[in-house]
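Novice: I'd like to ask you about the structure that follows.
The values are calculated or read from the model by the stated rules, or taken from the named source; none is laboratory data. Just so it is clear, the structure is predicted and the values come from calculations on it, not from any experiment. Using ideal geometry, Cβ is built from the backbone for each residue, glycine included, and neighbour counts are taken over all protein chains shown. Accessible surface areas use protein heavy atoms only, side chains included; no ligands, DNA or RNA. Shrake-Rupley method; radii C 1.70, N 1.55, O 1.52, S 1.80 Å.
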Amino acid sequence: VTCAYDGQEAADLLEGNTFDLVLLDIVMPEQDGLETLAEIRSDARIKDVPVIMLTASGAAENIQRVSELGVQDYIKKPFLPADLVARVQKKLDELRPEEILLVGDEYSQLLELQKLIEETFPYETQIATSVEAAEKFLSERNIRLIIANAEMKFVDGYEILAMVAANEKFSAIPFTLTTDKKLFAQLSKISQPPPVEEESPHASRKKIASVVTSAIGYELDVRI
């Protein structure tokens, strides 16, 4: 987290650095938040940076101007710290692409699975061939589903499952322990374009849950 104490300092920092999100006050010395937001939106290099207004100003004209500049997120001060954290987390989750993590020790097979999944579903996939690599991806990426090979020779899939279960941040991520053969069979069944009556991409998004639940034989509440 980097702090700027007025709008001009914020604009200078944005031009020289990459930030995932800006929390921007309106009432500031030298250059206020509305001027700063307008400057951000007029600069091609930084115009797409996500912004949440964090301010005590609830004036209707300010809210309207902020909306005109493409910002819908507005946190009113005073705020509860837990609410601020939740709102920031929600925004970051919206901005990061949802990804699927494939875990196994046969890299060539994982590449085939990666290709098949990315051609069938609107998700990117990451490949991990060790517990350490899996933990790194889970910490740094927006992983929404873990598919691990239960027949790994050199990596213990159950050790990975234990690592996920023991971490409060990871434990809510749906985890599927299956085999390449079963997963390939299930994915192959739905790799054709969906029928006309189905609505994409929602139909495809729902199907990934059906694939993994079929592979392991019981229902999961997969939020994808």
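Novice: Let me confirm something: among 100, 40, which residue is under 24 Å from residue 7 (Cβ atoms) and not basic (Lys, Arg)? First the steps, then the outcome.
Specialist: Details: 100 fails: under 24 Å from residue 7 (Cβ atoms).
When all the criteria are applied, what remains is 40.
Novice: With open to solvent by 50 Å² or more (accessible area, probe 1.4 Å), in contact with a Pro (Cβ under 9 Å, 6 or more places away or on another chain) and modelled with pLDDT of 85 or more as the only criterion, which of 12, 20 stands out? Write out each step before concluding.
Specialist: Numbers: 12 fails: in contact with a Pro (Cβ under 9 Å, 6 or more places away or on another chain).
Answer to the check: 20.
Novice: Another one. Can you run down the residue pairs with Cβ atoms below 6 Å, 6 or more apart or on separate chains, where the first is in segment 132-150 and within 12 Å of residue 169 (Cα to Cα) and the partner is hydrophobic (A, V, I, L, M, F, W, C) and modelled with pLDDT of 90 or more?
Specialist: 143/101
Novice: Ok, one more. How many residues are within 19 Å of residue 92 (Cα to Cα), assigned to a loop (DSSP other than H, G, I, E, B) and open to solvent by 20 Å² or more (accessible area, probe 1.4 Å) when one looks only at segment 28-62?
Specialist: Residues in segment 28-62 being within 19 Å of residue 92 (Cα to Cα), assigned to a loop (DSSP other than H, G, I, E, B) and open to solvent by 20 Å² or more (accessible area, probe 1.4 Å): 3 in total.
Novice: Could you name every one of the strands (runs of 3 or more DSSP E) located completely within segment 63-167 that has at least 1 residues being open to solvent by 30 Å² or more (accessible area, probe 1.4 Å)? Walk me through how you get there before you give the answer.
Specialist: Working: elements: 74-76, 99-103, 124-128, 143-149.
It comes to 74-76, 124-128, 143-149.
Novice: Next question. Search segment 5-16 for residues that are under 12 Å from residue 45 (Cα atoms) and pair each with any residue that is open to solvent by less than 70 Å² (accessible area, probe 1.4 Å) and in a helix (DSSP H, G or I) when their beta-carbon atoms are under 8 Å apart and the residues are at least 6 apart or on different chains.
Specialist: Close Cβ pairs (under 8 Å, with a partner that is open to solvent by less than 70 Å² (accessible area, probe 1.4 Å) and in a helix (DSSP H, G or I)) amount to 11/36; 11/39; 11/40; 14/40.
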